[in-house]
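Remarks on the structure that follows.
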Amino acid sequence: MRRILAALVIVAAAGSWALGEKPAAPETGDPAKETETLDSAPGKRPTAVDQPIENHEWRGVLHSAGQVREAAVTVMIVLTTFCTILSLGALLIFTAGIAPNATARASMATRDHPLRSFFVGAAALLVGAFATAVTKGILGFVLLPIFTAAVLIGLAGVSEQIGRNLWHLSGKEGNRVGHLAAGWAVFSLVSIFPFVGWFGFFPYYAAVGVGSFFSTLFGGKRPAPVEYRGA
């Protein structure tokens, strides 16, 4: 009996101790320290946000952007040149359409007297530039329409003569529009050739065109225009 009572006393004491003890609160650490611990944990890979861009990577990005910009500038230059050639060709054909006789006479003068036309054109351009500079641009307003017509009609005549020779080389007669278009296409491509075209062919034939205009306008006997027939 004593053993039973002793056992009951021990069980009651243990229960009262268990009920009276409070559970320990979970330990809460510093969030910053926990973040540092997680970041410094072995085997953790840094994200793209955490990893800074190195200097050589920045240089690669800037180099790629520079290459894209250079390619875009090159494409713009090519497109601008192509559109300019087409526009000037259409303008020369328009000039030949509204002044067919003057264009034909300029073409014949280019064929018959190229050197005389060159010297006349070079002298006219130099005199016009000098007069414009002396009058501080005042005389330029008067000379601008005259020299614009001279350049357009002269280049149309030069292009027509070049195109006529090309058509004859191919064994065909052609027509004036075909001659002018073919001649301008070849002349413009030759003129944009570096150095030789810039400082050789284009200035020479531009002066020839201007000279052919003035020589047939104020000269003596004008060359008769050629009658053209369709191919």
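Read-outs throughout are calculated quantities, based only on the coordinates presented, and are distinct from any laboratory measurement. These figures come from a predicted structure and were not determined experimentally. With ideal geometry, Cβ positions are generated from the backbone for all residues, glycine too; neighbour counts draw on all protein chains shown.
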Report the full-extension gain for the segment residue 189 to residue 144: residue separation times 0.36 nm, less the Cα-Cα distance, to one decimal in nm.
-> 13.5 nm
Starting from the range 150-214, pick out the trypsin sites (Lys or Arg not before Pro) whose DSSP state is loop and whose Cβ has at most 16 other Cβ atoms within 10 Å.
-> 172
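Rounded if a/c is under 1.5, else prolate if a/b beats b/c, else oblate: with a ≥ b ≥ c from the C-alpha gyration tensor eigenvalues square-rooted, which is the range 59-218?
Working: a/c = 2.34, a/b = 1.36, b/c = 1.71.
Because a/c hits 1.5 or more and a/b fails to exceed b/c, the range 59-218 counts as oblate.
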